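**Q** Quick one: the structure is below, and I'll ask about it shortly.
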Amino acid sequence: MMPELAMAPLDGLHVLDLSRLMPGPFCTMILSDLGADVVKVEQPEIGDYARSAPPFIGDTGAAFLMLNRNKRSITLNLKNAEAQEILHKLATRADVFIESHQPGVAERLNVDYPVIRKVNERIIYCSISGYGQSGPYRDLVGHDLTYAAYSGIIGTTGLKGGPPVIPATQVSDIQGGMYAAIAIMAAVHQREKTGKGDFIDISLMDAAVASMIMPLGFYFAGSPTERGVSLLSGGVPFYNVYETMDHRYISIATLFRETSLPRLEIWSIWTNYFSSSITLQDPSQASSEILPSSHSCI
């Protein structure tokens, strides 16, 4: 006999997802992967913009397929009163409601938190936006790169003396989606004790700043934060990326002393492996000035 499948952690949790592109769909992807029933509400004809964003698998954007697995989908024109009424009825049976419009748009569409709370007092309503629902920047628009730049992520990423580097992954979008999922699950747990729903305000800018733990830690400690000079950004030879003789790349990370071998011995093993001609002092005292000789010997 086949073993009985265990119930998924979020089995029975019903989610209405009005979000699009990456942050909201990434959040509901996590929830659906954990067993939640997610119904994606899309605009007729256009749908989620990610559907038409290249590259494609078949006739659908690859990122859309990744982000929206395990979900069901309907279309509603929320500028239409009848469609709003349908959404309100769906909300009566939902546990979670997620939207990612610009602040004020949900209110104009008659699907903001006060309206949805009237039809379901236990609902957990999550709004995801660039700068949050309040404050002087609430009405500004942006994309992941905007928040990565403003928060300092790209300003601290890159080689010493070189320009800022755009991360290949969307840091603030993914961080924002993760924080939304965490906050929603926390609110679901709290509802079990209080019987009440809640409103969650997720700012992608806040999420980007929250990812800057190490650079901000260096800053508050008075240490350098320039590109390519700090401990974790290329400023030391024992935590770095090197080009090999076959024009590929290798990463080396011998960072902590709390190992069975002292860091100096680990560093010596590494350098001896690649070239017997490299002689370095204790790597805790090494600077980026060593990097050219290290590069040339690999």
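Nothing in this text is a laboratory measurement; each read-out follows from the coordinates by a stated rule. Just so it is clear, the model here is predicted, and its values are computed rather than measured. No Cβ is skipped: glycine too gets one built from the backbone with ideal geometry, and neighbour counts run over all protein chains shown.
**Q** If you put +1 on each Lys and Arg Cβ and -1 on each Asp and Glu Cβ, how big is the dipole of the stretch 14-210 around its Cα centre, in Debye rounded to 20? Intermediate values should be presented prior to the final figure.
**A** Working: 18 positive and 21 negative charges, 48 e Å.
It comes to approximately 240 debye.
**Q** What nm distance separates the two modelled labels at Glu192 and His143, each placed 7 Å from Cα along Cα→Cβ?
**A** Taking the simple label geometry, Glu192 and His143 are separated by 4.1 nm.
**Q** While we're here: Within the stretch 14-210, what percent of beta bridges assigned by DSSP are antiparallel, to the nearest 5? Let's see the in-between values first.
**A** Numbers: 2 of 24 bridges.
Of all bridge pairs located within the stretch 14-210, approximately 10 percent are antiparallel.
**Q** While we're looking at this one, here's another question. So how much slack lies between Ser223 and Ala210, counting 0.36 nm per residue of separation and subtracting their Cα-Cα distance, in nm?
**A** On the way: separation 13, 0.36 × 13 = 4.68 nm, distance 1.89 nm.
Gain in length upon complete extension: 2.8 nm.
**Q** Could I ask something else about it? Only counting other Cβ atoms within 10 Å, I'd like Val111, Val209 sorted with the fewest neighbours first.
**A** Ascending number of Cβ neighbours within 10 Å: Val209, Val111.
**Q** Along the positive direction of the dipole of the stretch 1-148 (beta-carbon charges: Lys, Arg +1; Asp, Glu -1; about the Cα centre), which of Gln84, Leu16, Val96 reaches farthest?
**A** Going by the charge dipole, the pick is Gln84.
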